[in-house]
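The values are calculated or read from the model by the stated rules, or taken from the named source; none is laboratory data. If you're wondering where the values come from, they're calculated on a predicted model, not measured in any experiment. No Cβ is skipped: glycine too gets one built from the backbone with ideal geometry, and neighbour counts run over all protein chains shown.
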Amino acid sequence: MHPSFTFLPLIVAAATAFGGPVTTVPWNGHNGAVSFTYDDARTSQIPNLLPQLDALKIKATFFIAVTGAGGDFEAKKTQWIAASKNGHELANHTKAHVNVPADPNAASIIQEMAKYLRDLDPTVESLTFAYPNCNVNGKTGIASENFISRSCGQTQYAWANQPSDWMNIQGLILGPTNVATAVSMISAAKSGNTWFTTIVHDVKEGPDQYSMTPADNKKMLDAAVSAGIWIDTYQTVAAYYRAHFVMDAATATSTSAGWNLAWTSPNPKLPKSIPLRVKLAAATFGNDFVVEQDGATIEPESDGSYVIDFMKLSLKVLKATTGVQALTHLPSRLSAGIRPDGIVYTGVIGAVQAKVTDVNGHILFQGRVTDSRIPLPPAQLKGILFLTLSNPSGVSSVRAMVNATR
């Protein structure tokens, strides 16, 4: 379903270097990354491909076309939604598998399919795009709904180099004779600390020139697992990769309690949440500090890194030796209530340890807070909740019942 194209083995990018207070851990702690993408919702993908992916716990990206490409998405819509809920990505390949024209009206073609996918289920974000027939066109329209677009080629992308065009990020088309190429490229991603993307259509016996046999597809997946590189969806890897160029350039502003960091999203179509594994420079923060985001304490990982949410766009690093404990005040009677994004309380001064449970004793939140607010998603703001606040030493505490019935 794609025309011929020229392989471009060079990394097309502009070099960037950072040495700031925050450094994102490359490829989520792995040497290199790979995203497996499959096009057109072909008839073979659910019976032959999904069992392979799920057995290996691999999450893949499916660029969906509803008509015009030999797929059967409408007939298997329920199964595709289930695959999405299981962590696979459903993404935009245009509804009728058509080339996107280079004119202002191109946006309508992209928006039609984006809305179609998002209407399937609230968790489908549909923020990435793949050019039908590898025809790189209509970038203005594509950018109206997507933060990245997949074209065709053999480029791998280095961690330290920012691509010059996020709307033209290449993936390698694979067929029945080049599984060895895929395995070699996966090995190169590990040795070169780069991101590699594959493109496959059917996964069946007697494949066409853009498809693979189940055995060859399995061989490719096994190679990635054996290499130990990061395997995740196109959206997940791309968002992590794109966010790090902003995160690693963030600066820290000193305050009496520590440091504040704030940054701006580089694109309005990035996912709602982008977990980033970051390390904080001892040269800036020392070795004794507390990391907070949105009022909640983030505990360090086993390697000393912290998993933050890039899309919260700010971060606090508090000195652990600022006497915060001595400044903490708990009232004799706690007053608390709800608002759309969580629980708010009054009469408390300083940092406290907070715990929220429901009537069955399930813990909905536990962590350190400083801004008189406990962040909770709307789905958890139901029924009677119990809030307990303790001073940092745990010597004293105060409790309140919150009626979240609406």
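Kindly evaluate A227 against the criterion of being touching a Lys or Arg at 6+ places or on another chain (Cβ under 6 Å), hydrophobic (A, V, I, L, M, F, W, C) and assigned by TED's automatic domain parsing to the domain that holds A102. So A227 passes the test. For segment 122-165, taking the residues that are hydrophobic (A, V, I, L, M, F, W, C) and assigned to a strand (DSSP E or B), the one that is farthest from P101 (Cα to Cα) is identified as A158.
Scanning segment 255-313 for residues that are over 30 Å from D165 (Cβ atoms), free of Cβ contacts under 8 Å to residues at least 60 places away in the same chain and touching a Ser or Thr at 6+ places or on another chain (Cβ under 8 Å) turns up N260, D288, V291, Q293. Number of residues in segment 375-399 that are without any contact (Cβ under 8 Å) to a residue 40 or more places away in the chain and either among the charged types (D, E, K, R) or in a helix (DSSP H, G or I) (or both) equals 4.
Restricting attention to segment 328-374, the residues that are of a type in the set (S, T, N, Q), more than 13 Å from L385 (Cβ to Cβ) and not in a strand (DSSP E or B) add up to 4. Exactly one residue out of T23, T78 is closer than 29 Å to L276 by Cα and not basic (K, R), and it is T23.
Selection within segment 68-120: residues that are among the acidic types (D, E) and under 27 Å from K139 (Cβ atoms). The member of this set that is surrounded by the most Cβ atoms within 10 Å (Cβ to Cβ) is E89. So, in segment 192-241, of the ones that are part of a strand (DSSP E or B), aliphatic (A, V, I, L, M) and in contact with a Ser or Thr (Cβ under 6 Å, 6 or more places away or on another chain), which residue ends up nearest to A158 (Cα to Cα)? This residue is I199. Within segment 149-165, the residues that satisfy the criterion of being within 20 Å of the chain's Cα centre (by Cα) and more than 22 Å from K59 (Cα to Cα) are A160, N161, Q162, P163, D165.
Among the candidates A182, A189, the residue that is crowded, with 23+ Cβ neighbours inside 10 Å, assigned to a helix (DSSP H, G or I) and under 21 Å from the mean Cα position of the chain (by Cα) is uniquely A189. Taking each residue of segment 337-352 that is over 9 Å from R373 (Cα atoms) and looking for partners that are at pLDDT 85 or above and among the charged types (D, E, K, R) with beta-carbon atoms closer than 6 Å, six or more apart or interchain, yields A351/R368.
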